[in-house]
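Written below as structure tokens is the structure these notes are about.
Read the figures in this text as sums done on the coordinates, not as results from a lab. Since this is a predicted model, take the numbers as computed values, not measurements. Cβ placement follows ideal geometry from the backbone for every residue including glycine, while neighbour counts extend to all protein chains displayed.
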Amino acid sequence: MDNNTLILGYLLIGAGFLLLAADLFLMSGVLAVFSLGAIVVGVILTFLSGGTTIGIITSVAVFFALPLTIRLLLTLWPRTPMGRHFFLSEQSEDATLAAVPINRELEHLKGRVGRALSALRPAGMVDFGGKRIDSITEGMMVEADQMVRCIDVRAGKVVVRPIEKTDLGDLETAIFT
């Protein structure tokens, strides 16, 4: 039983595991090959210097430790700077299309009534309180000067639906007199 060769075998196995971890950060692939080579040579050295019993015990230990180590490293990898580039992360609330400043301005139009400045076939201009807004319908045609209501804002577009013009004759005379 040669203790120096046995120690060298265990050092090679340990170096193999460290090279495997280093390959995770450097992403070379060459280190993974050296890692597996060092582990195999280390196990062979334990068989040669420690005998069959120590070699088998070492082989079984490596057989269980290697997959556990790989699993642990793959669990930790997404948290590394290199791993963050490979995996999708959750987007913040500010990254959504609805949070774009122009879309936030348009959100207040929901439910408001406007007047079609041009024929909406199905897109065109609508006047909402003196503000000209590019709008679309749900596929129907709307003639110019027809009243419309904003029902939604999708992808920066104001979606409108035509409404019937109500008779405000009595109400208008009561308010404006």
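Values for this structure:
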{"quantity": "Residue order, fewest to most beta carbons within 10 Å, for Ile151, Ile133", "calculated": "Ile151, Ile133"}
{"quantity": "Sparsely packed chymotrypsin sites (Phe, Trp or Tyr not before Pro) within segment 27-94, loop by DSSP, other Cβ within 10 Å at most 12", "calculated": "Phe87"}
